[in-house]
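Report on one structure; see the data block that follows.
The values are calculated or read from the model by the stated rules, or taken from the named source; none is laboratory data. Worth saying up front: this structure is predicted, and the values here are computed from it rather than measured. No Cβ is skipped: glycine too gets one built from the backbone with ideal geometry, and neighbour counts run over all protein chains shown.
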Amino acid sequence: MRKIILLGYMGCGKSTIADKLSKTISIRFVDLDKKIEEKTNLSINDIFKKYGEIYFRKVEREVFIELLHSPQQLIIGLGGGTPCYANNHELLKNENVVSIYLKASIETLFSRLISNRSKRPLIASKSDEEMKEFIAKHLFDRSFYYNQAQYKVSVDDKTVDQTVLDIVAILA
Ligand SMILES: Nc1ncnc2c1ncn2[C@@H]1O[C@H](COP(=O)(O)OP(=O)(O)OP(=O)(O)O)[C@@H](O)[C@H]1O
Ligand SMILES: O=C(O)C1=C[C@@H](O)[C@@H](O)[C@H](O)C1
Ligand SMILES: [Mg+2]
């Protein structure tokens, strides 16, 4: 069954948009980060702290592939880094997959992440200044992978509903 995959940088709105999209088109939404937390019985923060990022990336790929093999039609919200490791970006082109990159500017990402960084281990300990610099460089490094998505939707200056409508138009 077809999988609708939302991807993009931390804070671009994958979870928020996927949740609303799910209600709008009545297709179940699974958040990859949440699924990993359920499977391991650990928070993403604790996985990073106890076992390190490489272990996290291994589990992330396994759970992503498991979801792709699910017999159900699903909306899958990826983690911010999912397409950027272990050749996961190649899975974005699979048959039965519609992959959509939610593209946000550095300013949008910074403003959405500034008040809520503690649950995101890659930025949790950074100051405001360090975070802006980090996002700019990291986004530059990751853009190649995000751009492997089949579709791109800009999320800057749009409400959740406007972005959901853009996605519904792509799926029509
Ligand atoms: N127009 C908007 N569209 C989407 N999210 C928005 C919008 N305006 C504000 N937000 C806020 O941006 C924040 C980040 O959104 P969200 O947690 O959905 O991002 P994410 O891409 O799932 O991040 P992560 O990769 O860290 O899980 C949330 O607090 C959300 O409420
Ligand atoms: O951008 C990233 O690499 C990450 C984003 C989050 O969704 C989590 O998957 C984790 O914190 C790593
Ligand atoms: Mg999320």
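Observations on the model:
- Residue among Asp19, Asp33 that alone is among the acidic types (Asp, Glu) and under 11 Å from the mean Cα position of the chain (by Cα): Asp33
- Among (1) more than 14 Å from the chain's Cα centre (by Cα); (2) polar (S, T, N, Q); (3) surrounded by 13 or more Cβ atoms within 10 Å (Cβ to Cβ); (4) at pLDDT 95 or above - the single one Asn45 does not satisfy: (4)
- If you check Lys137, Lys93 for being under 21 Å from Val30 (Cβ atoms), away from ligand 3 (no atom under 16 Å from the Cβ), over 14 Å from the mean Cα position of the chain (by Cα) and surrounded by fewer than 14 Cβ atoms within 10 Å (Cβ to Cβ), only one passes: Lys93.
- Every condition in (1) of a type outside the set (Gly, Ala, Ser); (2) over 16 Å from the mean Cα position of the chain (by Cα); (3) in a helix (DSSP H, G or I) holds for Ile27 except the one numbered (3).
- Failed condition for Ala104, given (1) more than 21 Å from Phe48 (Cβ to Cβ); (2) among the hydrophobic types (A, V, I, L, M, F, W, C); (3) more than 11 Å from ligand 1 (Cβ to nearest atom): (3)
- Any pair with Cβ under 8 angstrom, 6 or more apart, that starts in the stretch 104-119 at a residue that is free of Cβ contacts under 8 Å to residues at least 60 places away in the same chain and ends at one that is crowded, with 17+ Cβ neighbours inside 10 Å and of a type in the set (Val, Ile, Thr): Ile106/Ile135; Phe110/Ile135; Arg117/Ile123
- Leu171 being away from ligand 3 (no atom under 16 Å from the Cβ), surrounded by fewer than 17 Cβ atoms within 10 Å (Cβ to Cβ) and in contact (Cβ under 8 Å) with a residue 60 or more places away in the chain: yes
- Any hit, the stretch 68-77, residues being among the small types (Gly, Ala, Ser), within 13 Å of ligand 3 (Cβ to nearest atom) and in contact with a Cys (Cβ under 9 Å, 6 or more places away or on another chain): no
- Residues within the stretch 61-82 that are part of a helix (DSSP H, G or I) and either of a type in the set (D, E, K, R) or more than 10 Å from ligand 2 (Cβ to nearest atom) (or both), tallied: 8
- Top-ranked residue in the stretch 1-18 [being over 16 Å from Thr82 (Cβ atoms) and more than 8 Å from ligand 1 (Cβ to nearest atom); ranked as surrounded by the most Cβ atoms within 10 Å (Cβ to Cβ)]: Arg2
- Verdict on Lys158 being farther than 22 Å from Asp19 by Cα, in a loop (DSSP other than H, G, I, E, B) and more than 16 Å from the chain's Cα centre (by Cα): no
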